[in-house]
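Asker: Before I ask anything, let me first share the structure, which is written out below as structure tokens.
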Amino acid sequence: MSAASPSAPSKPVDTRGLAGQTVGDTQVCAVTQTQLIYRGYEIADLAEHASFEEVAHLLLVGHKPSASELKAFRDELASMRDVDQGILDVVGRIAESKSGQAEVHPMGILRTGVSLLSHVDPDCEDNSPEAELRKSKRLLAKIPTIIGFGQMRRDGRKPVAPDRSLDHSANLLWCMTGVKPDELAARIMDVSLILYAEHDFNASTFACRVIASTETDMHSAVCGGIGALKGPLHGGANEMAMEMLKDIDRDCAGGRMTVDAWMRRAFEEKRKLMGFGHRVYKNGDHRAGILRRWGLKLAEKLGPSAKKWFDLGDEVQAIMLRDKNIHPNVDFPCGMTYFVMGIPVPQYTPIFVASRITGWCAHIMEQHANNRIIRPLAEYTGPALRRWNG
Ligand SMILES: CC(C)(COP(=O)(O)OP(=O)(O)OC[C@H]1O[C@@H](n2cnc3c(N)ncnc32)[C@H](O)[C@@H]1OP(=O)(O)O)[C@@H](O)C(=O)NCCC(=O)NCCS
């Protein structure tokens, strides 16, 4: 009897990590094998026709803004960008410090920055829908200021003040680099933020919802979300994907090794290649193709030294598909795209936060609007009952 026979025992379904299990409902976003939809709008449609600020309004307020609503939303966000100097001083000190031998990761700095913001937010302990919308907007507006301030102090440079004339994406780039982006760079950042904004019950959003379900405050839930996103299996993959490409480029320089051999060695060592695979999109992540096209456009404009990363990425992607049948996720082209934009690698996951804050806050508000504490059960697999005194 062949192994493929219908009567052969089938491989047990691996449900660790809640794989394949629906654990709640949401009106914010739908993720299927073939589609990603924010409140009824498909991601490719949004990436082509919307701005990140329109998407942020869609997620946080709940509908596509009219022209006047968008202007008011933009103006309000721009007016909220300043961060208390006492908070910036702490952020700057942490950014300049070393913990042990290593520099503090910008995600750690950002987590602390958001925690500090809670102490100066007048609505901190108010979980009413109106207060939570105000807090969401403040977080969205202030996070780029904290990211940029930390980066400039890490680099030993003088931080720049947020620029109210710029939209969210261009201001984020300005705060991080001190350079006003050109139209193409600003649009690429805007598209990447649209793609990163929301993804239903991914690990960090689910963490936010679990924390929010205890009826604690929004800032506490967002700090948990940042902690979850930092991990290499989640948001941290965009940084690791670029580091991996740099490793391949170095190891294969001058024909010392082929990319094929590098990948074979990685497979033999049973390494997970960052920026590949997905819990839901087993046949490919539609966001990856969209971002690759934008990144490639910039790389082609910049010339061979930028384009080489996309050529290398394509080679790695083809081998991964041929040998493992695993597709890239959005973090793979993201690493290359941000790299050719000249953004320091440790900032890639904080940029993700500057976008995903919208999805997190939308879910926290949705959780609080119809709350029941999230408290599942566990299957006990420990020792049988025994007595402490014999
Ligand atoms: C995203 C991810 C966490 C999904 O995890 P998951 O749904 O639990 O997927 P699984 O671990 O069940 O993967 C199924 C198989 O593919 C393999 N696989 C999955 N992603 C892989 C990767 N990036 N590199 C190498 N092998 C991978 C697994 O080892 C497993 O093989 P096995 O059946 O022989 O054990 C996982 O693909 C991963 O770690 N990717 C790298 C990190 C990353 O890019 N994260 C960003 C996600 S948007």
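The values are calculated or read from the model by the stated rules, or taken from the named source; none is laboratory data. Everything numeric here is computed off the predicted structure, so don't read it as measured data. We place every Cβ from the backbone using ideal geometry, glycine too, and count neighbours over all the protein chains shown. Heads up: the accessible areas ignore ligands, DNA and RNA and are worked out on the full protein's heavy atoms, side chains in. Shrake-Rupley method; radii C 1.70, N 1.55, O 1.52, S 1.80 Å.
Asker: Taking all pairs of distinct Cα atoms, average 1/r, flip it, and tell me the Kirkwood hydrodynamic radius of the chain in Å to one decimal place.
Answerer: Numbers: mean 1/r = 0.0449 Å⁻¹.
Taking the inverse mean of 1/r over all distinct Cα pairs, the chain comes out at 22.3 Å.
Asker: What is the percent carbon and sulfur in the accessible area of the chain, measuring with a 1.4 Å probe over the protein chains and ignoring ligands?
Answerer: Values: 10160 of 19180 Å².
That fraction is 53 percent.
Asker: I want to verify a result. In a Gaussian network model of the chain, Cα cutoff 10 Å, which of these has the top mean-square fluctuation: GLN33, GLN317, GLN21?
Answerer: So, out of GLN33, GLN317, GLN21, the one fluctuating most is GLN21.
Asker: Can you give the net charge of the other residues whose Cβ lies under 9 Å from the Cβ of HIS168, counting K and R as +1 and D and E as -1? Write out the running numbers ahead of the final one.
Answerer: On the way: positive: ARG74; negative: GLU53, ASP167, ASP190.
That sum, taken over residues with Cβ under 9 Å, equals -2.
Asker: Also, quick follow-up: Assuming 0.36 nm per residue, please report the length gained on full extension of the stretch ARG322 to GLU76 beyond their Cα-Cα distance. All intermediate terms of the calculation are to be shown ahead of the outcome.
Answerer: Working: separation 246, 0.36 × 246 = 88.56 nm, distance 4.93 nm.
Net length gain for the segment: 83.6 nm.
Asker: Rounded, prolate or oblate: which one fits the range 59-170, using the alpha carbon gyration tensor with axes a ≥ b ≥ c (rounded when a/c is under 1.5, else prolate when a/b beats b/c, else oblate)? Provide the component values of the computation, followed by the final result.
Answerer: Values: a/c = 2.53, a/b = 1.68, b/c = 1.51.
Cα axes put the range 59-170 in the prolate bin.
Asker: Then there's this: Multiplying the sequence separation of ALA19 and GLU183 by 0.36 nm and subtracting their Cα-Cα distance, what value in nm do you get?
Answerer: 55.0 nm
Asker: Something else about it: From the phi of every residue in the range 156-168, what ³J(HN,Hα) in whole Hz does the Karplus formula 6.51 cos²θ - 1.76 cosθ + 1.60 yield, where θ is phi - 60° and glycine or proline is x?
Answerer: x, 10, 7, x, 9, 7, x, 9, 5, 7, 9, 6, 4
Asker: Quick check for you: with a 1.4 Å probe and neighbouring chains kept, what is the accessible area per residue of the chain, in Å²?
Answerer: Values: 19180 Å² over 390 residues.
Per residue, the chain has 49 Å² of solvent-accessible surface.
Asker: For the range 237-340, compute the number of Lys pairs whose alpha carbons are separated by less than 15 Å, excluding pairs fewer than 8 positions apart on the same chain. All intermediate terms of the calculation are to be shown ahead of the outcome.
Answerer: Numbers: LYS246/LYS307; LYS246/LYS308; LYS270/LYS324; LYS272/LYS324; LYS282/LYS324; LYS297/LYS307; LYS297/LYS308.
Qualifying lysine pairs in the range 237-340: 7.
Asker: Something else: When the chain is treated as a GNM, springs tying every alpha-carbon pair under 10 Å, which of TYR196, TYR281, TYR348 comes out with the largest mean-square fluctuation?
Answerer: Largest GNM mean-square fluctuation: TYR281.
Asker: Now for a separate question. Report the residue, chosen from ALA30, ALA161, ALA253, that carries the largest GNM mean-square fluctuation when the chain is represented by alpha-carbon nodes joined by springs under 10 Å.
Answerer: Comparing ALA30, ALA161, ALA253 in a Gaussian network model of the chain, the most mobile one is ALA253.
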